[in-house]
Amino acid sequence: MRRGTPAPVRQAAQPSPGAPEQNHTGGQRESVSGAGPERLRTEFPFELPRGYVDDSGTVHRHGVMRLATARDELIPLRDDRVRENSAYLSVVLIARVITRIGTVEDVHAGIIEDLFASDLAFLQDFYRRINAEGHTRAAVTCPSCQEHFAVDLAGGRLGES
């Protein structure tokens, strides 16, 4: 088994106006509504309920989480802190996939440890929603008018019934 430092995370390219969008196979992907190509979203903004308070007392609430890779889920399993306490898995995993909290771009397990419990719970749920559930939209066609549109099979937003 070859070991080395992890490759740097690739930033999602910003779409240029009028440029065709690519799917994971390199081809264009049409949107569910049929309105044109759709980009695979790999980064998701969030707002923490309370916020991360840094050493200077600044509160950081807005951040970005990227989709997890298989490596992101496997590497923490070899971490000694996780081996000693399995509850630490979520701390290490969340730290790997958050790219920014406020102006803090070097997000590591120590920062996640300093979050309020409600913020950690929020991030755990956010991680689950964007990674485990995947896309919950389905393309459908109205039987009456034959119009194509997307339906969200997951229901409403978090907290709604």
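The values are calculated or read from the model by the stated rules, or taken from the named source; none is laboratory data. Everything quoted here is computed from the prediction, not taken from an experiment. With ideal geometry, Cβ positions are generated from the backbone for all residues, glycine too; neighbour counts draw on all protein chains shown.
Just a few scattered comments:
- Complete set of residues in the stretch 56-68 that are over 14 Å from residue 112 (Cα atoms), surrounded by 15 or more Cβ atoms within 10 Å (Cβ to Cβ) and not aliphatic (A, V, I, L, M): 66
- Extreme residue, modelled with the highest pLDDT, among residues of the stretch 103-151 that are in a strand (DSSP E or B) and closer than 25 Å to residue 69 by Cβ: 104
Let's see how each residue does on (1) loosely packed, with under 14 Cβ neighbours inside 10 Å; (2) aromatic (Phe, Trp, Tyr); (3) modelled with pLDDT of 95 or more; (4) under 20 Å from residue 122 (Cβ atoms):
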{"site": "15", "(1), (2), (3), (4)": "yes, no, no, no"}
{"site": "27", "(1), (2), (3), (4)": "yes, no, no, no"}
{"site": "49", "(1), (2), (3), (4)": "yes, no, yes, yes"}
{"site": "93", "(1), (2), (3), (4)": "no, no, yes, yes"}
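- Taken over the stretch 69-91, the criterion of being surrounded by fewer than 14 Cβ atoms within 10 Å (Cβ to Cβ) and polar (S, T, N, Q) is satisfied by 85, 86.
- Selection status of residue 83, over 17 Å from the mean Cα position of the chain (by Cα) and part of a helix (DSSP H, G or I): yes
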